[in-house]
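In what follows, a structure is listed as structure tokens, so that the remarks can point back to it.
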Amino acid sequence: MSTPARNIAVLGATGSIGTSALDVIARHGDNLRATVLAAGGKVDALLALCERHRPEHAVIADEAGFPALREGLRERGLATQAHCGDQALVELVSSQVCDTVVAAIVGAAGLASTLAAARAGKRLLLANKESLVLAGELLMQAAHEAGACIVPIDSEHNAIFQCLPTAQTGGERADTRAHAGLKRILLTASGGPFRGRTRSDLTQVTPEQAVAHPKWSMGPKISVDSATLMNKGLEVIEAHHLFGVEGERIEVLVHPQSLVHSLVEFVDGSTLAQLGLPDMRTALAVGFGWPQRIESGVAGLDLLAHGRLDFERPDLEAFPCLRLAFEALAAGGTAPAVLNAANEVAVSAFLQRRVGFLAIPALVEDTLAALPPTPASSLAALREADTQARRHAEQAIGHAAQAYRA
Ligand code: NAD
Ligand code: MG
């Protein structure tokens, strides 16, 4: 069977997931076509991608980059139309130029375009986990109402998607939330670069050490999230929304080899897992091809060469971000939005060396305590919580610079 034809918008095209998505697309040139490429600010990188993939539209978030994008496209003799800003992106994602959207912008900045893709009923390859953490209920509701098929592009959630029987009977619109007999979800975590360290070992770690992930090559923000275990915390909340499972039925297991991408336990004692090499092209190929299987460029798994699979309990003392995420999920309302926003501010300050590594959980905890949850009744309420949390975390960094100093 041949790959179904897809016109694809790749949002976050210059990033780690965007690059992997374009690699898979290029392997299926007859059927998969990138019609929209969008990036934050790297005009040169975006131009190079336009030259290679010849999309109909290119979007740069940063207005200052627009003239360079437009001129660069003209100089290269490309027919690609240049755009800038979030509104242009939302309009393109909602239009007929694409039927499939790879949502791979990092952070809450991806919310508007991700939501637009869901509302427009597109096939949504969802990597932008922060949008689910921030507005999971609204996003899932919008997808449901518009008949959008969401395929998670997070290795763990993609694994769970593949293991759930309703996803397997799939069809164009696999509803990831309706499944009988599911008992628990077991999310695996690599443990990040600081696995095995105590809290006191972590006071002096640098951004370079934090982004050097042992198993996955990823963008800087998610790499730091992996080092604090906030990434796993965000993924717990992500799993709750995608699969309709409450926090008590989601367990985190540290699995340093990163070969078992997650497991699903059913009421009859069966546990299903998906395994593979740590390469996001597998998840992306699942997203483009589902319910068919298509080539991704990733080799199969040689278990004899790897030899063993280990599992450990996460250390919540050294890595409190995971606990904070479970607590925010249990608190509900605006708490996950506050957690996410405070974390984005803290990670960015850590990467800029304005605060130390342990300030990340401290800032998140402080912000959650300062802004008790209110009902997440509308997108406006969630955006307001996001804004307040960012302001609070920034002020806390300013006031307590001494305490949080790198
Ligand atoms: P990255 O930093 O490598 O890339 C981010 C992309 O987003 C870049 O193309 C950047 O230009 C773009 N961008 C940033 N701000 C923007 C804005 N305001 N408007 C438009 N574009 C903007 O990040 P990544 O590692 O590719 O991660 C992207 C998303 O995928 C994140 O939400 C991350 O959590 C998720 N994810 C990544 C991986 C991975 O293996 N990299 C795995 C699972 C989930
Ligand atoms: Mg993941």
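The values are calculated or read from the model by the stated rules, or taken from the named source; none is laboratory data. All figures in this text were calculated on a predicted structure; none of them were measured in a lab. Neighbour counts run over all protein chains shown; Cβ positions are idealised from the backbone, glycine included.
Kindly indicate the residue of the stretch 72-104 that is without any contact (Cβ under 8 Å) to a residue 60 or more places away in the chain and small (G, A, S) and also nearest to I222 (Cα to Cα) among those meeting that condition.
G85
Which condition number in (1) out of contact with any strand residue (DSSP E or B) (no Cβ under 6 Å at 6 or more places or on another chain); (2) without any contact (Cβ under 8 Å) to a residue 60 or more places away in the chain; (3) farther than 22 Å from A112 by Cα; (4) basic (K, R) is the one that R27 fails?
Checking R27 against (1) out of contact with any strand residue (DSSP E or B) (no Cβ under 6 Å at 6 or more places or on another chain); (2) without any contact (Cβ under 8 Å) to a residue 60 or more places away in the chain; (3) farther than 22 Å from A112 by Cα; (4) basic (K, R), the one that fails is (2).
Residues are listed down the side, and each one gets a yes or a no for (1) more than 24 Å from Q292 (Cα to Cα); (2) not small (G, A, S):
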{"site": "L115", "(1), (2)": "yes, yes"}
{"site": "L124", "(1), (2)": "no, yes"}
{"site": "A127", "(1), (2)": "no, no"}
{"site": "E130", "(1), (2)": "yes, yes"}
{"site": "L139", "(1), (2)": "yes, yes"}
{"site": "C149", "(1), (2)": "no, yes"}
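With respect to the numbered conditions (1) outside any helix (DSSP H, G or I); (2) within 20 Å of G110 (Cβ to Cβ), which one is the sole condition not fulfilled by A341?
Answer for A341: the failing condition is (1).
Looking only at the stretch 105-127, decide whether some residue is away from ligand 1 (no atom under 14 Å from the Cβ), of a type in the set (V, I, T), crowded, with 17+ Cβ neighbours inside 10 Å and touching a residue at least 12 places away in the same chain (Cβ under 8 Å).
No, that holds for no residue.
Here is a yes/no grid of residues against (1) within 23 Å of the chain's Cα centre (by Cα); (2) touching a residue at least 24 places away in the same chain (Cβ under 8 Å):
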{"position": "N340", "(1), (2)": "yes, yes"}
{"position": "F357", "(1), (2)": "yes, yes"}
{"position": "L368", "(1), (2)": "yes, yes"}
{"position": "P375", "(1), (2)": "no, yes"}
{"position": "A380", "(1), (2)": "yes, no"}
{"position": "Q388", "(1), (2)": "yes, yes"}
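A299 fails exactly one of the following numbered conditions: (1) closer than 21 Å to M218 by Cα; (2) touching a residue at least 24 places away in the same chain (Cβ under 8 Å); (3) loosely packed, with under 14 Cβ neighbours inside 10 Å. What is the number of that condition?
Result: A299 fails condition (2) only.
Checking the structure you have, find out if any residue of the stretch 58-71 is more than 13 Å from ligand 1 (Cβ to nearest atom), out of contact with any helix residue (DSSP H, G or I) (no Cβ under 8 Å at 6 or more places or on another chain) and part of a loop (DSSP other than H, G, I, E, B).
Scanning the stretch 58-71, I find no residue that is more than 13 Å from ligand 1 (Cβ to nearest atom), out of contact with any helix residue (DSSP H, G or I) (no Cβ under 8 Å at 6 or more places or on another chain) and part of a loop (DSSP other than H, G, I, E, B), so the answer is no.
For residues that are in contact with a Phe, Trp or Tyr (Cβ under 7 Å, 6 or more places away or on another chain) and among the aliphatic types (A, V, I, L, M), scanning just the stretch 2-40, find the one that is farthest from ligand 2 (Cβ to nearest atom).
Per the stated criteria, the residue is L32.
On the given criteria, is G41 more than 16 Å from ligand 1 (Cβ to nearest atom), small (G, A, S) and in a loop (DSSP other than H, G, I, E, B)?
no
Pick from A337, A325, A341: which is touching a Lys or Arg at 6+ places or on another chain (Cβ under 7 Å), outside the structural domain of V211 (by TED's automatic domain parsing) and within 25 Å of E246 (Cβ to Cβ)?
A341
Test of understanding: among D99, D44, D86, which residue is away from ligand 2 (no atom under 16 Å from the Cβ), closer than 23 Å to Q292 by Cβ and not assigned by TED's automatic domain parsing to the domain that holds K221?
Among D99, D44, D86, only D99 is away from ligand 2 (no atom under 16 Å from the Cβ), closer than 23 Å to Q292 by Cβ and not assigned by TED's automatic domain parsing to the domain that holds K221.
Kindly establish whether E145 is of a type in the set (D, E), modelled with pLDDT of 95 or more and within 13 Å of ligand 1 (Cβ to nearest atom). Explain how you work it out, then say what you get.
Numbers: of a type in the set (D, E): yes; modelled with pLDDT of 95 or more: yes; within 13 Å of ligand 1 (Cβ to nearest atom): no.
So E145 fails the test.
Against the condition more than 16 Å from D386 (Cα to Cα) and either crowded, with 17+ Cβ neighbours inside 10 Å or in contact with a Gly (Cβ under 7 Å, 6 or more places away or on another chain) (or both), how does P314 come out, does it pass? Spell out the reasoning first.
On the way: more than 16 Å from D386 (Cα to Cα): yes; either crowded, with 17+ Cβ neighbours inside 10 Å or in contact with a Gly (Cβ under 7 Å, 6 or more places away or on another chain) (or both): yes.
When the stated conditions are applied, P314 passes them.
Let's see how each residue does on (1) closer than 21 Å to V298 by Cβ; (2) crowded, with 16+ Cβ neighbours inside 10 Å; (3) at pLDDT 95 or above; (4) within 25 Å of the chain's Cα centre (by Cα):
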| site | (1), (2), (3), (4) |
| --- | --- |
| P4 | yes, yes, no, yes |
| G12 | yes, yes, yes, yes |
| I60 | no, yes, yes, yes |
| L69 | no, yes, yes, no |
| L73 | no, yes, yes, no |
| A88 | no, yes, yes, yes |
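When residues of the stretch 140-169 are filtered for being touching a strand residue (DSSP E or B) at 6+ places or on another chain (Cβ under 8 Å), among the small types (G, A, S) and away from ligand 2 (no atom under 16 Å from the Cβ), how many remain?
2
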